[in-house]
Amino acid sequence: MNWLETVRAGAEAVRAHRMRSILTMLGIVIGIASVILTVGFGQGAQKEVKDEIDALGSNLLIVSPGSTTDSSGVRGGFGSATTLTLDDASAIGEDSVVPDAEKVAATTSTNAAVAAGETNWTTSVVGTTPSWLDVRTRTLEAGRFFTAEELAKGADVVVLGPDTASELFTGPTAANPVGQTVSIGGRQLTVIGVLDSSGASSTGTSEDDQAVVPISTAKSLTGSTDNAVSTIYVEATSADTLSAAYQEVQSLLLTRHGVAASDADFSISTQDSLVETANSTNETLTVLLTGVAAISLLVGGVGVMNIMLVSVTERIREIGLRKALGATPSVIGRQFLVEASMLGLAGGIAGVLIGVVGSWVLPSIIDQPVTLSAFATGAALATSLALGVGFGVYPASRAARLTPIDALRSE
Amino acid sequence: MTSEPIIELTAIRKTYRSGTIEFEALRGIDTDIAEGEYVAVIGPSGSGKSTLMNILGCLDNPTEGHYLLAGEDVSQMTETQLAEVRNKRIGFVFQQFNLLASLSAWRNVELPLIYAGVPRADRRARAVRALERVGLGDRVDNRPGELSGGQQQRVAVARALVTEPAMILADEPTGNLDSRSTADVLGLLDELHASGRTIVLITHEHEVAERAQRNLVIADGEITSDVPTARAGVIV
Ligand SMILES: Nc1ncnc2c1ncn2[C@@H]1O[C@H](COP(=O)(O)OP(=O)(O)OP(=O)(O)O)[C@@H](O)[C@H]1O
Ligand SMILES: [Mg+2]
């Protein structure tokens, strides 16, 4: 009896007990579907984070106030600390001091209500310099960015993110908000440009919802007199000079602030390090959830073994008859092994289908992206087959070892 | 009569053990059965007839003694070799038919051919031919549940003859049948005998035993008489 015939006979036996086969597979179906979805969620979240960080620009160093490198925890209030200043930013901009920095943009950020006529929208108001557009590799959908002169005199101009623009301008002005007036904190600002979308995969990222103004304008809007900034973005000349730029910026700031490296009151991250940090928390969760799913797979495998043992007992007369008619022990063993594997594999396929459907449907329900990975899907199918084989071995060898006469005689 | 013994039994004993209780079902059986012979084994219930047939059919091993099947010592064979012997040389007909209820008549008849490695395409043709031979050409697609007892036993006979085995072992094949069906099945066995096959028929009915050429009478695990019947002289 060749393999093809054995598989055909196995399929027949699985079909003959349809309801029971489905119930047996259920454990594996649930296990495989949850493995696929958990891995999908994990990868979806990672991709989302990576896209967001990639959207920041390229070859970027992100300098923030406060240290997170020290074991004593964050030094200085993150964001509210005044350890980074506009002067730091312009020092980094000096070619002689930091030769590997291409461009520098300092930013401040506050949340404020922006009004256009009757419409109100609360968004993050970012104060920065004209270099911001290049450093953050952003482009404009309409209008222009502000100039150095506008920065110098603190002009009343604003560039809106695409989401902000569409929230604020809904009526006849929606088509072209450029030239319209918005008010922030009672001050009238002219919209001179609208940004293109940052291209980050998920919708509603803050990158597309912000109001960018000259940093001088931002300072006077908040009534602030200091020159503290919340982030300094430094673009290295290329990917190869990124670490050199890192060293240069670090030693410059340490000198300027007069502190030792161990007491640094600022921290510098690269995009890679940001991705890594974000993923490490993510990964722990994914591993944990995958572990739970794997346990349910194991339970599913035991279910297959249980049913196959019942099946051997139930079909003991059939086994005896087949042996009397010339089935060898290995043929009988193979038949049960194939049956168990088919239950496993069928469960795996059903699980993958549910996982795929789930990955289409779930994101719209729980607002989390799910990235299906071909590797995880293939591994899940292989696992389900292995489970069927693994847990089928014992029942199969029991069937193979039955002596024909004992099997025939049993009632 | 034909000469070569296909079956040679020497001092066959079979002891059943269940826990500490031992029961000797066969107590030294010595006999030869020649190729092409038609032998009926008769004896009262519990005398050891089925035990003997299970040993003849390589379904069970004797506790002691030697069984040579076509000159080969069966006790030396592995389970896989025994399976092949059962498949190629022996056709079984059981009292309880032993058909698989989920399979149609021809699929039941096909079973030994599957294990013989006959290609799928040939199997159906051969199974249908075997069913036609037992007069069930119009019942090939019926399941056992849709057939009468006599028809089921004829399906079982078709299954026994489909591989063209040299030997047919029938353990009370008519035990569950009425006189009409009994006549059908015995007629089929006569035909098989006529085509040169060795037949060992187990029964406790003397009229049935009379159809054979030779009667082996068993009582308490021993052969008490071994006599030719009226048909012994009939040359086939
Ligand atoms: N597996 C077994 N374990 C213990 N004793 C057994 C076993 N099989 C058969 N026997 C005993 O061996 C004896 C012979 O049994 P066997 O089935 O050969 O009888 P039989 O001649 O075929 O009877 P019947 O005409 O009723 O079918 C009986 O007494 C039976 O109880
Ligand atoms: Mg009996």
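In chain A, taking the dipole from charged Cβ atoms about the Cα centre, the farthest positive-side position among A:Ile92, A:Pro404, A:Leu221 is held by A:Pro404.
The angle between the Cα long axis of helix A:242-257 and the main principal axis of chain A comes to about 50°, on a 0 to 90 degree scale.
All distinct Cα pairs of the range B:5-228 go into the 1/r average, and the inverse of that average, the Kirkwood radius, is 17.9 Å. Accessible-area loss of 20 Å² or more (1.4 Å probe, protein heavy atoms, chain alone versus all protein chains) is found in the range A:392-411 for A:Pro404, A:Ile405, A:Leu408, A:Arg409. Over the range A:84-264, accessible surface divided per residue gives 43 Å², non-protein components excluded, 1.4 Å probe.
The spacing between the range A:160-239 and the range A:291-363, judged by their C-alpha centroids, is 60 Å.
Assuming charge only on the beta carbon of Lys and Arg (+1) and of Asp and Glu (-1), the dipole of the range B:5-228 about its Cα centre is about 920 debye to the nearest 20. Here the range B:1-141 has 47 percent of its accessible surface on carbon and sulfur atoms, given a 1.4 Å probe and all protein chains in place. Accessible surface for the range A:298-406, divided over its residues, is 42 Å² per residue with a 1.4 Å probe.
To the nearest 10, the accessible area of A:Thr147 is 50 Å² with a 1.4 Å probe. Note on chain A: Cα convex hull, mean projected area over all directions, 28.1 nm². For the range A:186-263, the gyration tensor built on C-alpha atoms gives an oblate shape. Its axis ratio a/c (a ≥ b ≥ c) is at least 1.5, and a/b is not larger than b/c.
Arrange the residues B:Glu24, B:Glu172 by how much accessible surface each exposes, largest first, with a 1.4 angstrom probe. Display every interim value, and only then the final one.
On the way: B:Glu24 60, B:Glu172 25 Å².
Result of the area sort, largest leading: B:Glu24, B:Glu172.
Given a 1.4 Å probe and the protein chains as shown, A:Ser21 ends up with an accessible area of around 10 Å². In the assembled protein chains, B:Lys14 presents an accessible area of approximately 20 Å² (probe radius 1.4 Å).
Taking 7 Å steps out from each Cα toward its Cβ at B:Arg13 and B:Glu132 produces label points 5.2 nm apart.
The distance separating the Cα centre of the range A:1-27 from that of the range B:1-73 comes to 39 Å. With the dipole of the protein assembly as shown worked out from charges on the C-beta (+1 for Lys and Arg, -1 for Asp and Glu) around the Cα centre, which of A:Ser341, B:Tyr16, B:Gly175 lies farthest toward the positive end? Positive-end residue among those listed: B:Gly175.
Leaving ligands, DNA and RNA out of it, rank A:Trp132, B:Trp106, A:Trp3 by accessible area with a 1.4 Å probe, largest first. Spell out each step's value before the answer.
On the way: A:Trp132 0, B:Trp106 40, A:Trp3 150 Å².
Result, largest first: A:Trp3, B:Trp106, A:Trp132.
Based on the Cβ-Cβ distance of A:Ala374 and B:Glu72, what FRET efficiency does E = 1/(1 + (r/R0)^6) give at R0 = 51 Å, to the nearest 0.05? Approximately 0.35, to the nearest 0.05.
The DSSP beta bridges internal to the protein assembly as shown are antiparallel in roughly 70% of cases.
Cα axis of helix A:271-314 to longest principal axis of chain A: angle in degrees, 0 to 90, nearest 10? Rounded to the nearest ten degrees, it is 10.
Heavy-atom accessible area per residue, the range B:21-157, 1.4 Å probe: how many Å²? Each step should come with its number before you reach the end.
On the way: 5560 Å² over 137 residues.
Spelled out: the 1.4 Å probe surface of the range B:21-157, per residue, equals 41 Å².
For chain A, what is the number of Lys pairs with C-alpha distance below 23 angstrom, counting only pairs 8 or more positions apart or on separate chains? Count of close lysine pairs: 4. Within the range A:2-45, the residues that become at least 10 Å² less accessible when every protein chain is included than when their own chain is isolated (1.4 Å probe; DNA, RNA and ligands ignored) are A:Glu5, A:Arg8, A:Glu12.
Quote the charge dipole size of the range A:84-264 about the Cα centre in Debye, to the nearest 20; the model charges only the Cβ of Lys and Arg (+1) and of Asp and Glu (-1). Present the calculation step by step, with values, prior to reporting the outcome.
Numbers: 8 positive and 23 negative charges, 95 e Å.
It works out to roughly 460 debye.
Give the percent of DSSP beta bridges with both residues in chain B that are antiparallel, rounded to the nearest 5.
Values: 24 of 42 bridges.
Bridges in chain B that DSSP calls antiparallel: roughly 55 percent.
With all distinct Cα pairs included, what does the Kirkwood hydrodynamic radius of the range A:84-264 come out to in Å, to one decimal, could you say?
On the way: mean 1/r = 0.0582 Å⁻¹.
Roughly 17.2 Å, rounded to one decimal.
Secondary structure note: in the range A:84-264, about 75% of the DSSP beta bridges are antiparallel. Only the Cβ atoms of Lys and Arg (+1) and of Asp and Glu (-1) were treated as charged; on that basis the dipole of chain A about its Cα centre amounts to roughly 2960 debye.
Got a number for carbon plus sulfur as a percent of chain A's accessible area, 1.4 Å probe? Intermediate results must be reported in sequence, preceding the final value.
Values: 11110 of 18540 Å².
After summing per-atom areas, the C and S share lands at 60 percent.
Just to be sure I understand: if you take the accessible area of chain B alone plus chain A alone and subtract the pair, with a 1.4 Å probe, what total do you get in Å², rounded to 100? Please list the in-between numbers first.
On the way: alone 11110 and 19620 Å², together 28690 Å².
Its buried surface, counting both partners, is about 2000 Å².
In deg cm²/dmol and to the nearest 500, what is the mean residue ellipticity at 222 nm of chain A if only DSSP H runs of at least 4 residues count, each as -39500 (n - 2.57), divided by the residue total? The partial results should precede the final answer.
On the way: 13 runs with 224 residues, N = 411.
Rounded to the nearest 500, the figure is -18500 deg cm²/dmol.
Counting, for every residue in A:325-337, the Cβ atoms of other protein chains within 10 Å of its Cβ and taking the mean gives 5.
Checking buried surface per residue: for the range B:55-85, which residues lose a minimum of 30 Å² accessible area in the protein assembly relative to the chain alone (1.4 Å probe)? Buried on complex formation: B:Leu59, B:Glu79, B:Thr80, B:Ala83.
Just going by the charge dipole of the protein assembly as shown, with Lys and Arg at +1 and Asp and Glu at -1 on Cβ, which of A:Thr38, A:Gln368, A:Val259 is farthest out on the positive end? Towards the positive end, the residue furthest out is A:Thr38.
The values are calculated or read from the model by the stated rules, or taken from the named source; none is laboratory data. Only a predicted model underlies this, so the values are computations on that prediction, with no experimental measurement involved. Note that we place each Cβ from the backbone using ideal geometry, even for glycine, and neighbour counts take in every protein chain shown. Please note that ligands, DNA and RNA were not included when accessible areas were found on the heavy atoms of the full protein model with its side chains. Shrake-Rupley method; radii C 1.70, N 1.55, O 1.52, S 1.80 Å.
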